[in-house]
Each structure stands twice: as C-alpha cells, then as structure tokens.
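See structure below.
The values are calculated or read from the model by the stated rules, or taken from the named source; none is laboratory data. These numbers come from a predicted model, not from an experiment. Ligands, DNA and RNA are excluded from the accessible area calculation, which covers all protein heavy atoms including side chains. Shrake-Rupley method; radii C 1.70, N 1.55, O 1.52, S 1.80 Å.
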Amino acid sequence: MKNTNVAKTVGVITASLLVTGCVSTCSSADKVQQQEQTEPIVETIEEPPKQELKPAEPPKKVEPEKKESKPKLEKKEIKPEAKKEEKKEAVQEQPVKNIQNPLPEQNVKKEETVSVEKKEEEVVDEEYSRSIEQITDGSKITHETFSADKKAVLELIENLKEVMSKQNYNEWIKYLDEESIKYWSQKSNLQKAQKRLPVKGLKISSLQDYFKYVFIPSRTGKDVDEIRYLSDSLVKVVQIRKDAEGRYVGDTVYYNLRKINGEWKVHLPEL
C-alpha cells in the first residue's frame, strides 16, 4: 500500500511540474511575443530624438548678443567729441598766437617799470642817507621811521602855510613847543632878533611881533623837500639846492621841529 501511495505522490508531483513547466514556457513564449510586439513601439518612440529638435534652433538665432550696434553708436559719439575737442584746442590756440605778438612790447614796458622803480629806490636811498648823516647821538633811524616822520612833518608844514597866510597868531602858538614860547617871550631875546632884521626901524616887543615880522617873512613862498635828523626827536626841514646839472649841492633850513610825546612841534632856534 505504501508503494502505491508513493507512486501516486510522485505522479502528482510529476504532473504538477509538467504543468508548471508548460506554464513557464507558455509565459516565456508570451513574453517573447509581447516583446516582439512592443519593439516596434519602442522604435517609434526613439525616432523623435533622431530629429534633434531642429525646429527649436530659430529662437537661438535671435540672440540679444547680436545687438552689437551699441559699439557702433559709441564710435559715432566718440568721433564728434574728438572733433569738438579739436575745435576747442584750435580756439585756445588762437588767443595764444594773439598774445605772442605783443610780448616784446610788454617786455619793454616791464623793463621800463623796473628801471623806474630802481631809480626811485636809488633816489630814496640817497635821500635817506642825507637825512641821517648829521645824527651825532647814535640814534638809529630805520627806513620805515624815516618815511613816517617825513610824511608827518611835511603835512605839518602845509598846515603852517595856511596859518601864515591868514596871519593867525593864536593858531600858530599851538604849533610851538613850550621851550620856544618861553625863550621868545623875553624882551632881551626879542631885541636881539630886532637888531638882525633886514628892515630897520621895526620894533619887536612880543612873541606876536616875532611871528609877524620874523617868522612869516622868512618862510613865505618857500617850499621844503626833505628832513635832516639831528637825533630821533629833533629834525631840520630843508629845501635842497642843486646845480645846473641837477646834482645835490646843499640845504637851506627853514624849520626846526622837535618830537614831544610822539607829536612834532615847531622849535624856534635860540640866538
């Protein structure tokens, strides 16, 4: 009995294997048929890549990079600017040419002005030397002090001329230093001056008579040019004398001034 059962079992297994084998072969055959059927489809699908999408190339042709007209515009803009610059340079060159023509005349004028300035400096230096050569007390007078003193002194003399023209005694007294007022208020000194008058018969009994008969006549119509330092506070105001060739030969003294508290006053010389 056991053998029969085994045989049956083997038969069943064999039958099942045959069935499965058929199934597998059938399924593989079917797969082969399916593959054969699908292969053409795959080929049709793969055909579009062979065309490589050539219709899509036209948009590439219209590229923004091809708008290279800008450099051309820049070249066109650069050319007029260069022309303008050339014109400007030409315009600038014209005045230079015009200026070059009068240069010789300008040089002559400059040379003339320089020579005139040198002459003026020489004249000032000569006058300065004359003005300080009589100093005996060792006073030091600079060019600046000399110029300032001369200006102040000449202005004072101009004011005195107006006072003398009006014979204004009360105003004249204001220009005198105290020492002169005291000295010439003494009758003994006035009598000495009376004896020296060119006109005989005139009596000088007061300082006002001195102003009228001595001071005014000896200075009216007399111009002064320079000053002579005796010290830093005492100067003579003179009219220079020149020879026929214009060379300096000497001085004529018309005023003596003394600086008191920074102000110049007339000092009347003592006899």
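Taking only the alpha carbons of region 119-271, what extent do you get along each of the three principal axes, in Å, biggest first?
That works out to 50, 40, 29 Å along the principal axes.
Is there a pair in Lys140/Lys182; Lys150/Lys192; Lys150/Lys222 whose C-alpha atoms are over 25 Å apart, and which pairs would that be?
Violating the 25 Å limit, Cα to Cα: Lys140/Lys182; Lys150/Lys192.
Would you mind computing Rg(Cα) / (2.2 N^0.38 Å) for region 125-196, counting N as its residues?
1.49
For Trp264, enumerate residues with amide H under 5 Å from its amide H, sequence gap 5+ or separate chain, H modeled in the peptide plane.
none
Convert each backbone phi in region 186-198 into a coupling constant with the Karplus relation 6.51 cos²θ - 1.76 cosθ + 1.60 (shift: θ = phi - 60°), then list the ³J(HN,Hα) values in order as whole Hz, x for Gly and Pro.
For region 186-198, the Karplus-derived couplings read 7, 5, 4, 6, 5, 5, 4, 5, 4, 5, 8, 5, x Hz, x marking Gly and Pro.
Residues of region 208-271: accessible area per residue at 1.4 Å, in Å²?
Accessible surface, normalised per residue, equals 52 Å².
Restricting to region 129-271, compute how many DSSP beta bridges are antiparallel as a %, nearest 5.
95 percent
Show the residues, 5+ positions off or on another chain, whose built amide H is closer than 5 Å to the amide H of Asp251.
Answer set, sorted by chain and number: Arg241.
What percentage of the solvent-accessible surface of region 190-271, computed with a 1.4 Å probe over protein heavy atoms, is contributed by carbon and sulfur atoms?
Carbon plus sulfur share of accessible area: 46 percent.
List, in order, the whole-Hz ³J(HN,Hα) value for each residue of region 266-271 obtained from phi through the Karplus relation with A = 6.51, B = -1.76, C = 1.60 and θ = phi - 60°; use x for Gly and Pro.
6, 10, 8, x, 8, 8
Taking θ as phi - 60°, what are the ³J(HN,Hα) couplings along region 128-145 by the Karplus curve (6.51, -1.76, 1.60), each to the nearest whole Hz, with x for Gly and Pro?
Calculated HN-Hα couplings, in order: 4, 4, 5, 6, 10, 6, 9, 5, 10, 9, x, 5, 10, 10, 7, 4, 5, 5 Hz.
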